[in-house]
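Each remark here refers to the structure printed beneath this line.
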Amino acid sequence: MWLKDYKLVDEARRLGYKVVSVEGLDSGEASLDPNVFSKVVVVSDSISNLKSALGGLKGPKTVVSVVPLNVEVARWVAHDRRVDSIVMTSRNQVLFDKKQASVMKYYDKPLEVPFTEIRGANESSLAGFVKRLKLMISRKVPIIISSGASGILEYHHPLVVLSFIVKLLDVDYEAAKAMLSTNPYKVLTRTAI
């Protein structure tokens, strides 16, 4: 689960989340709790700026995610080993086409979608999310549905999110469960080393 505020960790545990990543947390704070990871989200529209931003970010228990704002950055970031996931938002969803799916599949780079983005999307944006997520599923790209919560009102119980994803994407329960648990856990276990 991806949170934007450390104060929300206790609430996440109360809702049943066992492992969380918190944006803006330094790795020293993250090391105090074995189930809390630091998360860095880099938004970029330039490969050169992204290269500079990624320098020195990767450390133990640090998850690095990138929100690409153009096709070049989206394609390039799929190759970079320092990046743990590529984030799709309503702002950049048009970048996630067949070619992007192919590159992400080849490099085993997961697509991360904050649930707050899906829940807050208007009808046309939601249709775009569904179309692109179904494309990624058909291409066997690992998908992570993260929370993206920055406040208590943006929290949702894992079973609520699970049910919503099953209905929205017309996938079975196990596939939706992997988006909430197995796929994010794989990223975190690679990061813990």
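The values are calculated or read from the model by the stated rules, or taken from the named source; none is laboratory data. What you see is a predicted model, and the numbers here were worked out from it, not measured in a lab. Positions of Cβ are backbone-derived with ideal geometry, glycine not excepted, and every protein chain shown enters the neighbour counts. For accessibility, only protein heavy atoms count, side chains too; no ligands or nucleic acids. Shrake-Rupley method; radii C 1.70, N 1.55, O 1.52, S 1.80 Å.
Here is how the numbers come out for the structure above:
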| read-out | value |
| --- | --- |
| Flag for V41 being in contact with an Asp or Glu (Cβ under 8 Å, 6 or more places away or on another chain), surrounded by 16 or more Cβ atoms within 10 Å (Cβ to Cβ) and either of a type outside the set (D, E, K, R) or farther than 26 Å from A175 by Cα (or both) | yes |
| Subset tally (residues that are within 17 Å of V171 (Cα to Cα) and either outside any helix (DSSP H, G or I) or of a type in the set (D, E, K, R) (or both)) for the stretch 121-131 | 1 |
| Members of the stretch 111-151 that are charged (D, E, K, R) and farther than 18 Å from K186 by Cβ | E117, R119, E123, K131, R132, K134 |
| Subset of the stretch 104-114 (residues that are open to solvent by 10 Å² or more (accessible area, probe 1.4 Å) and either under 22 Å from H157 (Cα atoms) or in a helix (DSSP H, G or I) (or both)) | K105, Y106 |
| Single match in G24, G59, G55 (criterion: out of contact with any Phe, Trp or Tyr (no Cβ under 7 Å at 6 or more places or on another chain), touching a residue at least 24 places away in the same chain (Cβ under 8 Å) and either of a type in the set (A, V, I, L, M, F, W, C) or open to solvent by 10 Å² or more (accessible area, probe 1.4 Å) (or both)) | G59 |
| Residues (surrounded by 13 or more Cβ atoms within 10 Å (Cβ to Cβ) and outside any helix (DSSP H, G or I)) located in the stretch 164-191 | V171 |
| Some residue of the stretch 76-94 being among the acidic types (D, E) and in contact with a helix residue (DSSP H, G or I) (Cβ under 6 Å, 6 or more places away or on another chain) | yes |
| Conditions (1) surrounded by fewer than 16 Cβ atoms within 10 Å (Cβ to Cβ); (2) within 23 Å of V64 (Cα to Cα); (3) touching a residue at least 12 places away in the same chain (Cβ under 8 Å); number of the one not met by L95 | (1) |
| Residue list for the stretch 153-163, filter: loosely packed, with under 15 Cβ neighbours inside 10 Å and more than 20 Å from V36 (Cα to Cα) | L153, L159, V160, S163 |
| Residue within the stretch 30-40 that is among the hydroxyl-bearing types (S, T, Y), touching a Ser or Thr at 6+ places or on another chain (Cβ under 8 Å) and in contact (Cβ under 8 Å) with a residue 40 or more places away in the chain present | no |
| The stretch 132-161 - residue that is at pLDDT 95 or above and assigned to a helix (DSSP H, G or I) and, of those, farthest from the chain's Cα centre (by Cα) | S138 |
| Subset tally (residues that are farther than 14 Å from V41 by Cβ and aromatic (F, W, Y)) for the stretch 1-23 | 2 |
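Conditions tested, residue by residue: (1) part of a loop (DSSP other than H, G, I, E, B); (2) in contact with a Lys or Arg (Cβ under 8 Å, 6 or more places away or on another chain); (3) over 28 Å from V160 (Cβ atoms).
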| position | (1), (2), (3) |
| --- | --- |
| L8 | no, no, no |
| R13 | no, no, no |
| A53 | no, no, yes |
| P60 | yes, no, yes |
| A78 | no, yes, yes |
| R82 | yes, yes, yes |
| I86 | no, yes, no |
| T89 | yes, no, no |
| Q100 | no, yes, yes |
